[in-house]
Amino acid sequence: MSEAKQDEGNHEIPAPKWRERLQALRKVPPVFRMVWECAPSVVSFGVVARLAASVIPIGLLEVTRVIIDAIDRHIWYHSALQKDFWWLVALEFILASVAAMLGRFLTFCDTVLADKFTRYVSTRIMEHASRLDLTRYEDPRFYDKMERARVQGTDRVMLIQMAGRLIQEFFTTVSFAAGIIFFSPWLLFFLIVCVVPAFLGETHFAFLGYSLSFNQTPAKRRMDYLRILGGSRESAKELKLFGLGPFLVGRYKDLSDRLHYQNLQLAERRLLFGALLTLLGTIGYYGAYAYVIYQAVAGVLTIGQLTLLAGAIAGASTNIQAVFTTFSGIADQSLFLTDLVEFFAVQPSIRSKPGALVAPQPIRSGIEFRNVSFAYPGSRKKILNGINLKLEPGERIALVGENGQGKTTIVKLLTRLYDPTEGQILLDGVDLRDYDLDSLWKEIGVIFQDFMHYEMTASENIAVGLIEEANNPFRIRAAAMKSFAESVIQKLPKGYDQLLGCRFEGGVDLSGGEWQKIALARAHLRDAQLLILDEPTAALDARAESEVFKRFAELTKSKMALLISHRFSTVRMTDRVLVLKNGTIAEQGPHEQLVKTGGLYAEMFELQAANYR
Ligand SMILES: Nc1ncnc2c1ncn2[C@@H]1O[C@H](COP(=O)(O)OP(=O)(O)OP(=O)(O)O)[C@@H](O)[C@H]1O
Ligand SMILES: [Mg+2]
C-alpha cells in the first residue's frame with residue numbers, strides 16, 4: 001500500500017485505482033471458499049431456495065395474466081370460465097405462500113450462516129495470530145491489518161448475504177427479462193441503459209468509502225486506545241491523580257471530529273449524485289411503463305398482458321437496480337476482504353523446518369551461544385554483540401546487568417521468539433533452528449518480567465504453565481506449594497476457584513508480589529528442563545524472595561536454570577554469574593570470585609550492599 005494510505009490525517013480522500021478495485025474482486029473466491037468450508041449444507045440449501053424464490057415472481061405474474069384474460073373474456077364475450085380457472089386461483093395462492101415461506105427460510109439460512117461464519121473467521125484469526133512471530137506484534141501496520149481483518153469476520157457477513165441476494169436478484173431479473181423480451185427486446189435494453197449510470201456512481205462511492213475507511217484505521221485504533229485508557233481500572237489511578245481526563249477526552253474528540261468531517265463530506269457527495277442517478281432509473285421505468293400503457297390503449301395488448309408487462313417492468317427495473325447495487329456492494333466489501341486475505345497470507349518466519357528434530361531429553365551437553373549478535377527487526381542497533389556463553393546441564397546461572405543491557409533479549413533468543421541476526425545458539429550441539437518449535441518450547445519454562453495476569457481463576461492462572469494439567473488439582477496444588485502461592489490462595493474466599501483480577505464480576509485482585517507467587521507456580525508446574533526466571537521476584541519482599549528462590553534452587557537441583565535479578569542476595573545463590581554490558585559478557589564466574597576480582601560486578605554489589613549499612 002502507498003505511503004498516503006498510512007496517513008490518517010489528510011482530508012482528501014484518495015480514490016483507489018481501477019486496477020486495485022478489480023484486483024480486490026480476486027479476494028472474493030477465497031472468502032467464499034471459507035464460507036463454503038464453514039457451512040456447506042446451509043450454503044447449498046440457501047442457493048437452492050434462492051433459485052426457487054427467483055422464478056416465483058414471474059410465475060405469479062403469468063398466472064395472474066391467464067386469470068385476468070379469462071375474466072376479461074368471461075365479462076365481455078360471456079364465454080364460460082375455463083375448467084381449471086379455480087385451480088389457477090389456488091395455484092396463485094400456493095405460489096404466494098411458497099414465496100413467503102422461502103423468504104422466511106432464507107432469513108433463517110442467512111442468520112445461521114452469518115453466525116457460523118463469524119465464529120469460523122474469529123477462531124481462524126485467533127489461531128493464525130497465535131502462530132505469528134512476536135515481531136509482528138511490534139509493528140503498528142500489522143496491528144492495523146489485524147484490526148481490519150478482525151472487523152471483516154464480523155462486518156463482512158453482509159457480503160455473504162449480498163452474494164445470496166445477488167444470485168436471487170440476478171435470476172429474478174432474468175426471468176422478468178424473459179417476459180419483457182418476449183414482448184420487446186428494446187424495452188429491456190432501454191431499462192438497463194437507464195440503470196447503468198446509477199451503478200457506476202454506486203461503485204465509485206463504494207470505493208471512495210473503502211479508501212476512506214482504510215485511511216481511518218490508524219486513527220480509529222488510536223481512538224480505541226484512548227477510549228480504553230479512559231475507562232480502564234489499570235489507568236484509573238494515574239488518570240485521576242494527574243488530572244488526565246480532559247486531556248484524553250480532548251484528544252479523542254479531535255480525532256473523532258476529523259473522522260466525522262471526512263465521513264460527512266463523503267455522505268453529502270453521495271447523497272447528491274445518488275439522488276440524480278436514481279432519478280434517471282425512475283425515468284427509465286416510467287418511460288417503459290407509459291409505452292406499455294400506450295400499446296394497451298391502442299389494442300395491441302390484452303388487459304392480462306398489460307398486467308404482466310407492467311409487473312415485469314416494475315420487477316425488472318427494481319431488480320436490475322438491485323443487481324447493480326448489490327454487485328457494487330460486493331465489490332466494495334471485497335476491498336475490505338483484501339485485509340482478511342492478506343492477514344491469513346502472513347506466515348510466521350520462525351517456524352519448525354520440515355523434518356525438524358525433537359528436543360533432546362535429557363539435555364546432555366547444554367546450551368551454547370556462539371558469537372551471537374542481535375538487532376531488533378527494523379533497527380540497526382546491535383543490542384547483543386558477539387555473545388559467547390555456555391549453560392551446562394544442572395547449572396544455575398544468574399544474568400545481571402543494568403537496565404536495557406539486553407538480558408530479556410537473551411531470553412527471547414534462547415526461547416526462539418526471535419532468531420539471532422548473526423551467530424548460532426546450540427542445544428546439545430545442534431542449532432536451535434533445527435528443532436521442532438513445540439518440542440523445544442516443551443522443555444523450557446519461562447516466567448517473564450512482564451508475565452501475564454490472566455483474569456481467570458487462581459487454579460487456571462497456575463495451569464497456564466502446563467495447560468494439559470488444567471484438570472489436575474493435585475499437581476496444581478503441588479506447584480502452588482513450591483512457589484509459596486498456596487498461602488496466598490488459602491486466603492482467597494473461593495480458594496483455587498477464585499476468579500482473579502477485577503475485570504469480571506466476583507474477581508479478587510492481588511498485590512504485585514502475590515501475583516508473582518502465582519506466576520512462579522507456573523514454572524514449577526511446567527517442570528521443564530530449562531527454567532528461566534526474568535525478574536519475576538522483583539515485587540516480592542526481601543524475606544519472600546529469599547525463601548522463594550531458596551526453594552526454587554532446591555527444587556531445580558538437577559535442572560538448568562537462568563535467573564535474571566537485580567538483587568544480589570538472590571544472585572549470589574546461583575552457581576555462576578554472567579555480567580552483561582554493552583551487548584557483551586563483561587565478566588563471569590561465581591559470586592565470591594567476581595566480588596574478589598573487584599570489577600563491574602563487585603562495584604554493583606558494593607553499591608547495593610552500601611545501601612543496607
Ligand atoms: N521489541 C523491541 N524492539 C526494539 N527494541 C527493543 C525491543 N525490546 C527491547 N528493545 C531494546 O533492546 C534493549 C535491551 O532490552 P532488554 O529488554 O533486553 O533489556 P534488559 O536488560 O532486560 O533491561 P531491564 O533490566 O530493564 O529489564 C533496550 O535498549 C531496548 O530499547
Ligand atoms: Mg528485562
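The values are calculated or read from the model by the stated rules, or taken from the named source; none is laboratory data. Computed from a prediction, not measured in an experiment: that's the story for all the values here. Please note: Cβ atoms are built from the backbone with ideal geometry, for glycine as well, and neighbour counts cover all protein chains shown.
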Conditions (1) within 16 Å of ligand 1 (Cβ to nearest atom); (2) free of Cβ contacts under 8 Å to residues at least 12 places away in the same chain; (3) not assigned by TED's automatic domain parsing to the domain that holds A521; number of the one not met by D450: (3)
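Within the range 468-486, can you find the residues that are assigned to a helix (DSSP H, G or I) and more than 21 Å from L555 (Cα to Cα)? First the steps, then the outcome.
If we filter the range 468-486 for residues that are assigned to a helix (DSSP H, G or I), which is where we start, we get 468-469, 473-482, 485-486.
Within the range 468-486, just E468 meets the criteria.
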Residues of the range 429-440 satisfying the condition of being under 29 Å from the mean Cα position of the chain (by Cα) and either surrounded by fewer than 17 Cβ atoms within 10 Å (Cβ to Cβ) or charged (D, E, K, R) (or both): R433, D436, D438, S439
Residue among F190, F207, F182, F176 that is aromatic (F, W, Y) and at pLDDT below 80: F207
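Please go through the range 487-522 and give me each residue that is among the acidic types (D, E) and crowded, with 18+ Cβ neighbours inside 10 Å, ordered by number.
Taking the range 487-522 as the starting set, the residues that turn out to be among the acidic types (D, E) are 497, 505, 509, 514.
Result: E514, single match.
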Pair list, Cβ under 7 Å, 6 or more apart: the range 389-410 residue closer than 16 Å to S565 by Cβ, other residue part of a loop (DSSP other than H, G, I, E, B) and within 16 Å of ligand 2 (Cβ to nearest atom): A398/S565; G406/I383; G406/G583; K407/G401; T408/Q449
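Among the residues of the range 427-447, which ones are without any contact (Cβ under 8 Å) to a residue 12 or more places away in the chain and among the β-branched types (V, I, T)? So that I can check it myself, show each step before the final result.
Keep residues of the range 427-447 that are without any contact (Cβ under 8 Å) to a residue 12 or more places away in the chain, which gives 431.
None - no residue of the range 427-447 is without any contact (Cβ under 8 Å) to a residue 12 or more places away in the chain and among the β-branched types (V, I, T), so the list stays empty.
Please go through the range 357-412 and pick out each residue that is within 16 Å of ligand 2 (Cβ to nearest atom) and either outside the structural domain of K442 (by TED's automatic domain parsing) or in a helix (DSSP H, G or I) (or both).
At the first step, the residues of the range 357-412 found to be within 16 Å of ligand 2 (Cβ to nearest atom) are 374, 376, 383-384, 387, 397-412.
Scanning the range 357-412 gives F374, Y376, I383, L384, I387, K407, T408, T409, I410, V411, K412.
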Number of positions in the range 535-567 that are free of Cβ contacts under 8 Å to residues at least 60 places away in the same chain and in a strand (DSSP E or B): 0
Those residues of the range 300-322 which are buried (at least 22 other Cβ atoms within 10 Å of the Cβ) and over 21 Å from T64 (Cβ atoms), in sequence order: I320, Q321
Yes/no for A542 being surrounded by fewer than 17 Cβ atoms within 10 Å (Cβ to Cβ), away from ligand 1 (no atom under 15 Å from the Cβ) and under 43 Å from the mean Cα position of the chain (by Cα): yes
The listed residue being touching a residue at least 60 places away in the same chain (Cβ under 8 Å), under 26 Å from K596 (Cβ atoms) and part of a loop (DSSP other than H, G, I, E, B), out of T574, T570: T574
Qualifying positions in the range 124-166 - of a type in the set (D, E, K, R), in a helix (DSSP H, G or I) and at pLDDT below 75: E138, R148, R150, D155
Selection from the range 75-88 of residues that are surrounded by 12 or more Cβ atoms within 10 Å (Cβ to Cβ) and part of a helix (DSSP H, G or I): F85, L88
Selected residue (criterion: surrounded by the most Cβ atoms within 10 Å (Cβ to Cβ)) from residues of the range 441-483 that are closer than 28 Å to T409 by Cβ and among the β-branched types (V, I, T): I462
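Among the listed residues L510, L500, which satisfies the condition of being under 30 Å from the mean Cα position of the chain (by Cα) and at pLDDT 90 or above? Reasoning before the result, please.
On the way: L510 fails: under 30 Å from the mean Cα position of the chain (by Cα).
Matching residue, one of L510, L500: L500.
What residue, among those in the range 388-413 that are within 12 Å of ligand 1 (Cβ to nearest atom) and touching a helix residue (DSSP H, G or I) at 6+ places or on another chain (Cβ under 9 Å), is farthest from S569 (Cα to Cα)? Before you say what the answer is, go through the steps one by one.
Going through the range 388-413, the residues within 12 Å of ligand 1 (Cβ to nearest atom) turn out to be 399-413.
If we keep only those that are touching a helix residue (DSSP H, G or I) at 6+ places or on another chain (Cβ under 9 Å) as well, we get 399-402, 412-413.
Numbers: L399: 13, V400: 12, G401: 15, E402: 16, K412: 25, L413: 27 Å.
Here the answer is L413.
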Residue satisfying condition, being polar (S, T, N, Q) and either surrounded by 17 or more Cβ atoms within 10 Å (Cβ to Cβ) or not assigned by TED's automatic domain parsing to the domain that holds L520 (or both), within set T570, T597: T570
